[in-house]
1. Would you report the distance distribution of C-alpha pairs in the stretch 184-223 as whole percents per 10 angstrom bin, up to the bin with the largest distance?
2. Inverting the mean 1/r over all pairs of different Cα atoms, compute the Kirkwood radius of the stretch 92-239 and quote it in Å.
3. For the stretch 166-310, rounded, prolate or oblate, judged on the Cα gyration tensor with a ≥ b ≥ c (square roots of eigenvalues), a/c < 1.5 rounded, else prolate if a/b > b/c?
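No value in this document is a laboratory result; all are computed from the given coordinates. Computed from a predicted structure; not experimentally measured.
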Amino acid sequence: MNIVPRLFASFPPTVVWPAGLLVLALLVPSGAWAEIDQSTTTTLSPPATRGFAWNKGRRGAGGIPAHSILLKDLSTGQTLYEYQAQRRVPPASLTKIMSALVILEHGQLHEPATVSRKAAAAHKTHLRLKTGQAFRLEDLVKAMLIMSANDACLAAVEHVAGSEEGFVELMNVKAQALGLTDTHYANACGFDAPDHYSTATDLAMLTEVAMRHPTFRTFVRSKLEVISAINANRSYLLRNTNHLLGRIPGVEGVKTGFTSKAGRCLVAKVSHDGKELLLVLLNSSRRWTTASTLLYGALQIPSQPITQLE
């Protein structure tokens, strides 16, 4: 493996670079920056002959392929890489990290929760749950974290707080208690709204707290689950939207997100060979290749192919 440390002139001065980081010194083929989508398979090859160039991207200053990036080594507390980490942006379904945490703190996971008409009508990512179906609250939390299902999310938060509006109040109280000064929630699922925002810094702080909860930690690292309605002969397959699971050593979750304004977002946690890494990518045009390159570089191990589940 040939790793040649280099700094690129295209990086804006706001980017934080600790001297020991080799993340963006990895040499990968220029074609590796093609975004993985539902119809293609993209491979990150081991370092080859051409230099890793951020200017292949179309996001942020200098062509950095994200609007905000934060990469931390939790084992040392060191920030390995930072770009506009305090910028307020729509967090999309990364919102569900807070929603799940509040549910786990206020709800009883064994209780049955009934799908309301509002929950069944949830759009975007959903399981097509039916009005009147009942599920264990635990299974609804699985669905909102693993598959980012909005109908499951609404059913869960309505069960815990009586209404989505009441639940959002709990979310904002929790945000204040955690010191998330640049975060405010307007809904529980992550839909775009003027007063619904967070930052990479706040999302990293929130995720650290959430990952201390054993149930949360178990759910977000699960690749496949099946949940069943209590009062109907109907089961649902949950396939994790985090395509890094099983493809980078030590990946432990955490959550993906997407809306038209938020773009493609990701929070990922990796524990490998004594390193504990947390990565936040917000509005990244090349979510999987950007995340993979940053994480492989921080781990200082050869990169491997990254292939979508579907």
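1. So the P(r) values, bin by bin, are 25, 42, 31, 2.
2. Here the Kirkwood hydrodynamic radius works out to 15.1 Å.
3. Note, shape of the stretch 166-310 comes out oblate.
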